[in-house]
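Let me begin by presenting the structure, written as structure tokens, before commenting on it.
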Amino acid sequence: MRQAARQKASTAWVQVGDGSHLELHHTAWWRHIYRDFRRYRVTADPPLRTLFLTQGFWASCVYRLSRALLGRTRLAWPVVALAQKLVEIITGISLAAECEIGDGLYIGHYGCIIVAPESRIGHNCSLAQNVTIGVAGTGEQRGAPVIGNRVFIGAHSVIVGRLTVGDDAVVCAGSVVVRAVPARAVVMGNPARVVSYEGSFEYVFYDGMDLDPARRASLEKARALNAGPA
């Protein structure tokens with residue numbers, strides 16, 4: 001780890017910043033599905049494989065359709081509940097219709113992914129297998145996480161409680177996150193701790209990412225932080 005990042009990581013967890021006020025723009029359900037689909041295409045997955053053999057894409061499609069139906073009428077709730085239960089049985093992925101998820105959700109593997117209804121997830125995020133994003137805490141502190149934009153969450157990770165994971169962060173495989181994660185931080189362990197500020201730039205890919213002003217600004221901050229002798 002570069003010296004500047006090492007010194008930063010050794011201090012107390014800093015204020016999250018970028019992801020603390022997550023803004024999600026909501027478009028037509030079919031546009032959400034298309035942008036989810038494009039995340040798989042950017043990773044060079046063949047289109048037919050994505051459509052017919054990728055359980056994560058199936059789960060996100062049902063989630064998008066469920067939110068669209070519930071947005072029109074609450075009478076659709078029995079159909080939505082049945083569809084989601086079938087997806088959980090077939091794929092092991094539970095994306096509650098009540099949670100908010102931005103464009104470009106990528107789930108590369110199926111199996112035991114749980115996203116609580118109160119959760120919010122930003123745009124162009126990636127979830128690996130066996131990830132839990134859940135509710136924890138008591139009283140006013142009880143709640144679910146807010147995940148920023150372009151976040152990579154590794155396999156077997158657990159993120160619970162009223163906390164925020166900042167933009168471009170990486171939660172390494174097997175981590176247990178119970179407190180806020182700064183933007184561009186790489187965290188690991190149980191409980192998770194910051195090990196660097198190199199961000200998710202090498203892990204999250206999507207259309208137009210090199211021209212995305214938010215990503216470019218975040219990348220410049222990461223480069224400035226990690227500048228200096230190794």
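Per-structure values
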read-out	value
From Arg162, Arg215, Arg179, Arg142, residue being open to solvent by less than 70 Å² (accessible area, probe 1.4 Å) and closer than 21 Å to Ile101 by Cα	Arg215
Scan of region 34-61 for residues that are open to solvent by less than 30 Å² (accessible area, probe 1.4 Å) and out of contact with any strand residue (DSSP E or B) (no Cβ under 6 Å at 6 or more places or on another chain), ordered by number	Asp36, Tyr40, Thr50, Thr54, Phe57, Ser60, Cys61
Where Val194 falls short, out of the listed (1) open to solvent by less than 40 Å² (accessible area, probe 1.4 Å); (2) more than 17 Å from Ala222 (Cβ to Cβ); (3) over 16 Å from the mean Cα position of the chain (by Cα)	(2)
Single residue of Ser20, Ser66, Ser94 found to be over 20 Å from Gly148 (Cα atoms), hydroxyl-bearing (Ser, Thr, Tyr) and either modelled with pLDDT of 95 or more or in a helix (DSSP H, G or I) (or both)	Ser66
Close pairs from region 124-136: first in a loop (DSSP other than H, G, I, E, B), partner of a type in the set (D, E, K, R), Cβ under 8 Å, at least 6 apart	Asn124/Arg39; Asn124/Asp103; Asn124/Arg150; Cys125/Arg150; Val135/Glu118; Val135/Arg142
Condition check for Leu82: modelled with pLDDT of 85 or more, open to solvent by 40 Å² or more (accessible area, probe 1.4 Å) and out of contact with any Pro (no Cβ under 7 Å at 6 or more places or on another chain)	yes
Cβ-Cβ under 8 Å pairs, at least 6 apart or on other chains, region 93-107 side farther than 16 Å from Gly56 by Cβ, far side of a type in the set (Asp, Glu)	Glu98/Glu118
Among residues of region 62-79, those that are touching a strand residue (DSSP E or B) at 6+ places or on another chain (Cβ under 9 Å) and surrounded by fewer than 19 Cβ atoms within 10 Å (Cβ to Cβ), counted	0
Residue within region 110-121 that is open to solvent by 20 Å² or more (accessible area, probe 1.4 Å), among the charged types (D, E, K, R) and in a helix (DSSP H, G or I) present	no
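The values are calculated or read from the model by the stated rules, or taken from the named source; none is laboratory data. For clarity, every value in this text was computed on a predicted model and none was experimentally measured. In this analysis, Cβ positions are derived from the backbone assuming ideal geometry, glycine residues included, and neighbour counts consider all displayed protein chains. SASA here: full protein model, heavy atoms, side chains in, ligands and nucleic acids out. Shrake-Rupley method; radii C 1.70, N 1.55, O 1.52, S 1.80 Å.
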